[in-house]
Amino acid sequence: MIRIAIPNKGRLHEPTLEVFKDAGLPVYGGGNESRQLIAKTSDPDITFIFARAADIPLYVAEGTADLGITGLDLVVERSADVQCLTDLKYGSSRLVLAVPEASPILKVEDLAGKRVATEFPEITKRFFKDRKVDVEVIQVSGACEMTPHIGVADAIVDITSSGTTMMINKLKAISPVFESKVYLIANKTSVKSKEKISDVITAIESVLLAKTKRYIMMNVPAPALKDVERIIPGLNGPTIMQVEGPEPMFAVHAVVDADMIFVLIRKLKLVGARDILVLPIERLIP
Ligand SMILES: Nc1ncnc2c1ncn2[C@@H]1O[C@H](COP(=O)(O)OP(=O)(O)OP(=O)(O)O)[C@@H](O)[C@H]1O
Ligand SMILES: O=P(O)(O)OC[C@H]1O[C@H](OP(=O)(O)OP(=O)(O)O)[C@H](O)[C@@H]1O
Ligand SMILES: [Mg+2]
(Lines give C-alpha, C1' and ligand atoms only; values in the text may rest on other atoms or scores of the structure.)
(Ligands and ions follow the chains in the order given, each with its own letter.)
Protein backbone atom coordinates (compact mmCIF):
# COMPACT_ATOMS: atom_id res chain seq x y z
CA MET A 1 0.00 0.00 0.00
CA ILE A 2 1.27 3.46 -0.90
CA ARG A 3 -0.01 6.62 0.77
CA ILE A 4 0.33 9.96 -0.96
CA ALA A 5 -0.25 13.17 1.02
CA ILE A 6 -1.70 16.02 -1.03
CA PRO A 7 -2.82 19.54 -0.01
CA ASN A 8 -6.51 19.54 1.02
CA LYS A 9 -6.91 23.25 0.17
CA GLY A 10 -4.91 26.34 -0.69
CA ARG A 11 -3.28 27.19 -4.00
CA LEU A 12 -1.54 23.81 -4.39
CA HIS A 13 -4.77 21.81 -4.15
CA GLU A 14 -6.21 22.14 -7.69
CA PRO A 15 -2.95 21.83 -9.69
CA THR A 16 -2.02 18.75 -7.64
CA LEU A 17 -5.34 17.03 -8.46
CA GLU A 18 -4.69 17.93 -12.11
CA VAL A 19 -1.23 16.30 -12.15
CA PHE A 20 -2.53 13.03 -10.71
CA LYS A 21 -5.49 13.02 -13.10
CA ASP A 22 -3.13 13.47 -16.07
CA ALA A 23 -0.87 10.75 -14.67
CA GLY A 24 -3.73 8.24 -14.76
CA LEU A 25 -4.22 8.31 -10.97
CA PRO A 26 -7.35 10.46 -10.54
CA VAL A 27 -8.26 11.35 -6.96
CA TYR A 28 -11.76 10.02 -6.32
CA GLY A 29 -13.53 12.69 -4.24
CA GLY A 30 -12.34 14.41 -1.08
CA GLY A 31 -10.46 17.62 -0.39
CA ASN A 32 -11.45 21.27 -0.55
CA GLU A 33 -15.14 21.71 0.32
CA SER A 34 -15.79 18.05 1.18
CA ARG A 35 -14.77 16.95 4.67
CA GLN A 36 -13.39 13.66 3.34
CA LEU A 37 -9.72 13.25 4.29
CA ILE A 38 -8.82 10.01 2.53
CA ALA A 39 -9.46 9.17 -1.13
CA LYS A 40 -8.96 6.26 -3.48
CA THR A 41 -7.70 6.16 -7.05
CA SER A 42 -7.67 3.79 -10.04
CA ASP A 43 -5.02 1.61 -8.34
CA PRO A 44 -6.33 -0.16 -5.20
CA ASP A 45 -2.82 -0.15 -3.70
CA ILE A 46 -2.66 3.65 -3.67
CA THR A 47 -4.45 5.94 -1.20
CA PHE A 48 -4.47 9.73 -1.04
CA ILE A 49 -4.40 11.54 2.30
CA PHE A 50 -5.56 15.17 2.36
CA ALA A 51 -3.46 17.38 4.62
CA ARG A 52 -2.37 20.99 5.00
CA ALA A 53 0.61 21.78 2.78
CA ALA A 54 2.57 22.84 5.88
CA ASP A 55 2.06 19.43 7.58
CA ILE A 56 2.93 17.27 4.56
CA PRO A 57 6.74 17.45 5.08
CA LEU A 58 6.38 15.92 8.56
CA TYR A 59 3.95 13.21 7.46
CA VAL A 60 6.34 12.14 4.73
CA ALA A 61 9.44 12.35 6.95
CA GLU A 62 7.77 10.14 9.58
CA GLY A 63 6.47 7.64 7.02
CA THR A 64 2.76 8.32 7.68
CA ALA A 65 2.79 9.07 3.95
CA ASP A 66 5.21 7.52 1.45
CA LEU A 67 4.95 10.39 -1.02
CA GLY A 68 3.72 13.97 -0.78
CA ILE A 69 3.36 17.17 -2.69
CA THR A 70 4.28 20.46 -1.05
CA GLY A 71 6.51 23.52 -1.25
CA LEU A 72 10.26 23.36 -0.66
CA ASP A 73 9.90 26.34 1.72
CA LEU A 74 7.68 24.23 3.98
CA VAL A 75 10.08 21.25 3.79
CA VAL A 76 12.99 23.45 4.86
CA GLU A 77 10.97 25.33 7.50
CA ARG A 78 10.04 22.02 9.15
CA SER A 79 13.60 20.61 8.72
CA ALA A 80 11.90 17.53 7.27
CA ASP A 81 14.28 14.73 6.36
CA VAL A 82 12.67 13.73 3.05
CA GLN A 83 13.85 13.08 -0.47
CA CYS A 84 12.91 15.83 -2.95
CA LEU A 85 12.19 13.97 -6.18
CA THR A 86 10.61 16.12 -8.87
CA ASP A 87 10.06 19.84 -9.40
CA LEU A 88 6.41 19.99 -10.42
CA LYS A 89 6.78 23.35 -12.19
CA TYR A 90 3.79 25.01 -10.58
CA GLY A 91 3.67 27.21 -7.49
CA SER A 92 7.21 28.58 -7.65
CA SER A 93 7.55 31.51 -5.27
CA ARG A 94 10.15 33.51 -3.36
CA LEU A 95 10.56 34.37 0.29
CA VAL A 96 11.81 37.94 0.55
CA LEU A 97 12.75 40.35 3.30
CA ALA A 98 10.60 43.47 2.91
CA VAL A 99 10.03 46.79 4.68
CA PRO A 100 7.48 49.61 4.25
CA GLU A 101 8.25 51.76 1.18
CA ALA A 102 8.98 54.79 3.36
CA SER A 103 11.17 52.90 5.85
CA PRO A 104 14.75 54.14 6.41
CA ILE A 105 15.80 50.45 6.57
CA LEU A 106 17.61 49.69 3.32
CA LYS A 107 19.70 46.61 4.01
CA VAL A 108 19.76 43.49 6.18
CA GLU A 109 22.24 45.00 8.70
CA ASP A 110 19.89 47.94 9.38
CA LEU A 111 17.53 45.48 11.08
CA ALA A 112 19.86 44.77 14.02
CA GLY A 113 17.79 44.91 17.23
CA LYS A 114 14.51 45.18 15.30
CA ARG A 115 11.45 42.91 14.85
CA VAL A 116 10.71 40.73 11.83
CA ALA A 117 7.28 39.08 11.36
CA THR A 118 6.92 35.91 9.31
CA GLU A 119 5.08 32.64 8.73
CA PHE A 120 8.55 31.05 8.35
CA PRO A 121 10.36 31.58 11.69
CA GLU A 122 13.02 28.89 11.20
CA ILE A 123 14.10 30.03 7.72
CA THR A 124 14.06 33.63 8.96
CA LYS A 125 16.15 32.91 12.07
CA ARG A 126 18.69 31.02 9.98
CA PHE A 127 18.83 33.85 7.42
CA PHE A 128 19.71 36.46 10.08
CA LYS A 129 22.02 34.10 12.02
CA ASP A 130 24.04 33.43 8.85
CA ARG A 131 24.44 37.19 8.45
CA LYS A 132 25.19 37.70 12.16
CA VAL A 133 22.33 40.18 12.53
CA ASP A 134 20.42 39.92 15.79
CA VAL A 135 16.64 40.35 15.33
CA GLU A 136 13.48 39.37 17.17
CA VAL A 137 11.42 37.00 14.99
CA ILE A 138 7.66 37.21 15.47
CA GLN A 139 5.63 34.29 14.12
CA VAL A 140 2.29 35.06 12.45
CA SER A 141 -0.07 32.66 10.64
CA GLY A 142 -1.02 34.85 7.68
CA ALA A 143 -1.69 38.39 6.46
CA CYS A 144 1.94 39.12 7.28
CA GLU A 145 2.12 42.18 5.00
CA MET A 146 -0.01 44.15 7.44
CA THR A 147 2.30 43.76 10.45
CA PRO A 148 4.79 46.62 9.74
CA HIS A 149 1.89 49.04 9.27
CA ILE A 150 0.30 48.33 12.66
CA GLY A 151 3.50 48.43 14.70
CA VAL A 152 3.89 44.68 15.16
CA ALA A 153 7.16 44.49 13.25
CA ASP A 154 9.73 46.61 11.37
CA ALA A 155 10.07 44.15 8.50
CA ILE A 156 8.61 40.91 7.19
CA VAL A 157 9.88 37.74 5.56
CA ASP A 158 7.03 36.59 3.34
CA ILE A 159 6.17 34.79 0.14
CA THR A 160 5.81 36.76 -3.04
CA SER A 161 5.02 35.48 -6.53
CA SER A 162 3.21 38.08 -8.64
CA GLY A 163 4.28 40.87 -6.24
CA THR A 164 0.73 42.25 -6.10
CA THR A 165 0.24 41.84 -2.35
CA MET A 166 3.51 43.62 -1.56
CA MET A 167 2.68 46.46 -3.92
CA ILE A 168 -0.84 46.95 -2.56
CA ASN A 169 0.53 46.96 0.98
CA LYS A 170 3.27 49.49 0.11
CA LEU A 171 6.19 47.22 0.90
CA LYS A 172 9.55 46.94 -0.84
CA ALA A 173 11.81 43.90 -0.92
CA ILE A 174 15.32 44.59 0.34
CA SER A 175 16.76 41.07 0.09
CA PRO A 176 15.89 37.65 -1.33
CA VAL A 177 15.67 34.97 1.38
CA PHE A 178 14.65 31.68 -0.25
CA GLU A 179 13.60 30.40 -3.70
CA SER A 180 10.80 27.85 -3.40
CA LYS A 181 9.34 25.31 -5.81
CA VAL A 182 6.65 22.72 -5.42
CA TYR A 183 8.09 19.21 -5.18
CA LEU A 184 7.05 15.61 -5.18
CA ILE A 185 8.73 14.41 -1.97
CA ALA A 186 9.29 10.89 -0.67
CA ASN A 187 9.94 9.12 2.58
CA LYS A 188 13.58 8.01 2.42
CA THR A 189 12.88 4.40 3.45
CA SER A 190 9.74 3.94 1.34
CA VAL A 191 11.47 5.15 -1.79
CA LYS A 192 13.99 2.31 -1.49
CA SER A 193 11.64 -0.45 -0.33
CA LYS A 194 8.30 0.08 -2.08
CA GLU A 195 8.46 -0.85 -5.73
CA LYS A 196 5.27 0.87 -6.83
CA ILE A 197 6.65 4.26 -5.82
CA SER A 198 8.82 4.28 -8.92
CA ASP A 199 5.68 3.68 -11.04
CA VAL A 200 4.06 6.75 -9.47
CA ILE A 201 7.21 8.83 -10.03
CA THR A 202 7.41 7.68 -13.67
CA ALA A 203 3.74 8.53 -14.20
CA ILE A 204 4.16 12.04 -12.80
CA GLU A 205 7.41 12.71 -14.63
CA SER A 206 5.85 11.53 -17.89
CA VAL A 207 3.14 14.16 -17.49
CA LEU A 208 5.67 16.92 -16.87
CA LEU A 209 7.83 15.87 -19.81
CA ALA A 210 4.78 15.67 -22.10
CA LYS A 211 3.93 19.30 -21.31
CA THR A 212 7.26 20.38 -22.82
CA LYS A 213 6.69 18.46 -26.10
CA ARG A 214 4.32 18.50 -29.07
CA TYR A 215 3.42 15.87 -31.65
CA ILE A 216 3.77 17.28 -35.15
CA MET A 217 2.37 15.64 -38.31
CA MET A 218 2.55 16.79 -41.91
CA ASN A 219 2.40 15.70 -45.52
CA VAL A 220 5.62 16.13 -47.46
CA PRO A 221 5.96 15.87 -51.26
CA ALA A 222 8.78 13.41 -52.12
CA PRO A 223 11.28 16.05 -53.37
CA ALA A 224 11.05 17.93 -50.04
CA LEU A 225 11.54 14.88 -47.79
CA LYS A 226 15.31 15.24 -47.29
CA ASP A 227 14.92 18.91 -46.30
CA VAL A 228 12.16 18.07 -43.81
CA GLU A 229 14.22 15.28 -42.23
CA ARG A 230 17.08 17.75 -41.79
CA ILE A 231 14.82 20.31 -40.11
CA ILE A 232 12.96 17.99 -37.70
CA PRO A 233 14.87 16.82 -34.64
CA GLY A 234 12.43 14.06 -33.51
CA LEU A 235 12.93 12.01 -30.33
CA ASN A 236 14.47 9.21 -32.40
CA GLY A 237 14.23 10.87 -35.78
CA PRO A 238 10.85 11.37 -37.45
CA THR A 239 8.52 8.50 -38.45
CA ILE A 240 8.00 8.51 -42.23
CA MET A 241 5.16 6.71 -44.02
CA GLN A 242 4.33 6.64 -47.70
CA VAL A 243 0.94 8.15 -48.59
CA GLU A 244 -1.14 6.46 -51.30
CA GLY A 245 -2.16 8.92 -54.00
CA PRO A 246 -1.41 10.35 -57.42
CA GLU A 247 1.49 12.47 -56.16
CA PRO A 248 4.58 10.87 -54.47
CA MET A 249 3.95 11.98 -50.88
CA PHE A 250 5.06 11.06 -47.34
CA ALA A 251 3.40 11.52 -43.94
CA VAL A 252 6.00 12.65 -41.42
CA HIS A 253 5.35 12.42 -37.65
CA ALA A 254 7.69 13.57 -34.88
CA VAL A 255 7.85 14.62 -31.22
CA VAL A 256 9.51 18.01 -30.84
CA ASP A 257 10.12 20.61 -28.13
CA ALA A 258 7.04 22.79 -27.63
CA ASP A 259 9.08 25.98 -27.74
CA MET A 260 10.52 25.07 -31.15
CA ILE A 261 7.13 24.80 -32.87
CA PHE A 262 6.88 28.43 -33.95
CA VAL A 263 10.23 28.43 -35.75
CA LEU A 264 9.84 24.88 -37.08
CA ILE A 265 6.54 25.56 -38.86
CA ARG A 266 8.01 28.46 -40.77
CA LYS A 267 10.98 26.36 -41.91
CA LEU A 268 8.79 23.37 -42.82
CA LYS A 269 6.45 25.46 -44.94
CA LEU A 270 9.39 27.06 -46.69
CA VAL A 271 10.70 23.68 -47.89
CA GLY A 272 7.24 22.49 -48.98
CA ALA A 273 5.64 20.59 -46.06
CA ARG A 274 1.85 20.97 -45.88
CA ASP A 275 -1.27 19.93 -43.93
CA ILE A 276 0.75 20.47 -40.74
CA LEU A 277 -0.95 19.40 -37.50
CA VAL A 278 0.40 20.12 -34.01
CA LEU A 279 -1.03 18.07 -31.12
CA PRO A 280 -0.52 18.09 -27.35
CA ILE A 281 0.88 14.93 -25.74
CA GLU A 282 -0.75 13.52 -22.61
CA ARG A 283 2.18 11.48 -21.30
CA LEU A 284 5.66 10.76 -22.57
CA ILE A 285 7.59 7.80 -21.19
CA PRO A 286 11.06 7.75 -22.78
N1 LIG B 1 1.79 33.36 -4.12
C2 LIG B 1 1.95 32.40 -3.22
N3 LIG B 1 1.63 32.65 -1.94
C4 LIG B 1 1.72 31.72 -1.00
N5 LIG B 1 2.20 30.48 -1.21
C6 LIG B 1 2.58 30.19 -2.47
C7 LIG B 1 2.46 31.12 -3.53
N8 LIG B 1 2.89 30.53 -4.64
C9 LIG B 1 3.26 29.30 -4.28
N10 LIG B 1 3.08 29.09 -2.97
C11 LIG B 1 3.43 27.88 -2.24
O12 LIG B 1 2.28 27.25 -1.72
C13 LIG B 1 2.56 26.67 -0.46
C14 LIG B 1 1.53 27.17 0.51
O15 LIG B 1 0.49 26.32 0.44
P16 LIG B 1 -0.84 26.56 1.28
O17 LIG B 1 -1.69 25.34 1.15
O18 LIG B 1 -0.48 27.07 2.63
O19 LIG B 1 -1.49 27.63 0.34
P20 LIG B 1 -2.18 28.95 0.68
O21 LIG B 1 -2.93 29.26 -0.57
O22 LIG B 1 -1.16 29.91 1.15
O23 LIG B 1 -3.19 28.53 1.84
P24 LIG B 1 -3.80 29.49 2.95
O25 LIG B 1 -5.03 30.01 2.32
O26 LIG B 1 -4.07 28.58 4.09
O27 LIG B 1 -2.79 30.55 3.24
C28 LIG B 1 3.96 27.10 -0.06
O29 LIG B 1 4.87 26.03 -0.26
C30 LIG B 1 4.28 28.20 -1.03
O31 LIG B 1 5.63 28.27 -1.39
O1 LIG C 1 2.87 38.02 -4.72
P2 LIG C 1 1.44 37.59 -4.67
O3 LIG C 1 1.02 36.90 -5.94
O4 LIG C 1 0.51 38.72 -4.33
O5 LIG C 1 1.26 36.46 -3.56
C6 LIG C 1 1.80 36.56 -2.27
C7 LIG C 1 0.77 36.51 -1.20
O8 LIG C 1 0.06 35.28 -1.23
C9 LIG C 1 0.21 34.63 0.04
O10 LIG C 1 -0.83 34.93 0.88
P11 LIG C 1 -2.11 33.98 1.02
O12 LIG C 1 -3.09 34.27 -0.07
O13 LIG C 1 -1.65 32.56 1.11
O14 LIG C 1 -2.70 34.46 2.37
P15 LIG C 1 -2.01 34.28 3.81
O16 LIG C 1 -0.99 35.37 3.93
O17 LIG C 1 -3.15 34.44 4.74
O18 LIG C 1 -1.39 32.91 3.84
C19 LIG C 1 1.50 35.18 0.59
O20 LIG C 1 1.58 35.05 2.00
C21 LIG C 1 1.43 36.62 0.13
O22 LIG C 1 0.64 37.38 1.00
MG1 LIG D 1 -0.95 31.30 2.61
- Task: Considering every residue within the range 80-90, establish whether at least one is assigned by TED's automatic domain parsing to the domain that holds residue 68, among the acidic types (Asp, Glu) and open to solvent by 80 Å² or more (accessible area, probe 1.4 Å).
- Result: yes
- Message: Pull out all pairs, ordered by first then second residue, where Cβ-Cβ is under 9 Å, the residues are six or more apart or on different chains, the first lies in the range 104-117 and is within 13 Å of residue 137 (Cβ to Cβ), and the second is open to solvent by less than 70 Å² (accessible area, probe 1.4 Å) and among the acidic types (Asp, Glu).
- Response: 111/154; 114/154; 115/154; 116/154; 117/154; 117/158
- Message: So residue 257 passes all but one of these: (1) among the acidic types (Asp, Glu); (2) surrounded by 14 or more Cβ atoms within 10 Å (Cβ to Cβ); (3) touching a residue at least 40 places away in the same chain (Cβ under 8 Å). Which condition number does it fail?
- Response: (2)
- Query: Can you name the residue in the range 68-79 that is within 16 Å of ligand 2 (Cβ to nearest atom) and closer than 12 Å to residue 16 by Cα and, of all such residues, is surrounded by the fewest Cβ atoms within 10 Å (Cβ to Cβ)?
  - Reply: 71
- Query: Got at least one residue in the range 40-53 being surrounded by 14 or more Cβ atoms within 10 Å (Cβ to Cβ) and closer than 27 Å to residue 152 by Cα?
  - Reply: yes
- Out of 158, 81, 73, 130, report the one residue that is touching a Lys or Arg at 6+ places or on another chain (Cβ under 8 Å) and either on the phi > 0 side of the Ramachandran plot or charged (D, E, K, R) (or both). 81
- Filter result (open to solvent by 60 Å² or more (accessible area, probe 1.4 Å) and of a type outside the set (A, V, I, L, M, F, W, C)) within the range 146-171: 149, 161, 162, 164, 165, 170
- Item | Subset of the range 127-147 (residues that are assigned to a helix (DSSP H, G or I) and within 13 Å of ligand 2 (Cβ to nearest atom)) | 144, 145, 146, 147
- Note on the structure: Condition set surrounded by 16 or more Cβ atoms within 10 Å (Cβ to Cβ) and in contact with a Lys or Arg (Cβ under 7 Å, 6 or more places away or on another chain), scope the range 262-286, selection nearest to residue 23 (Cα to Cα): answer is 284
- Task: Would you be able to say whether some residue in the range 53-68 is at pLDDT 95 or above, within 21 Å of residue 205 (Cβ to Cβ) and part of a strand (DSSP E or B)?
- Result: yes
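Listed here are the residues, each with its yes/no results for (1) under 21 Å from residue 7 (Cα atoms); (2) in the same structural domain as residue 24 (by TED's automatic domain parsing).
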residue	(1), (2)
159	yes, no
166	no, no
169	no, no
176	no, no
191	yes, yes
197	yes, yes
201	yes, yes
204	yes, yes
- Query: So which residues in the range 98-126 are part of a strand (DSSP E or B) and within 16 Å of ligand 1 (Cβ to nearest atom)?
  - Reply: 98, 117, 118
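The values are calculated or read from the model by the stated rules, or taken from the named source; none is laboratory data. As the structure is a prediction and not an experimental result, all values here were calculated from the model. Reconstructed Cβ throughout: ideal geometry from the backbone, glycine too, with neighbour counts over all protein chains shown. Protein only, heavy atoms only, side chains kept; ligands, DNA and RNA dropped before computing areas. Shrake-Rupley method; radii C 1.70, N 1.55, O 1.52, S 1.80 Å.
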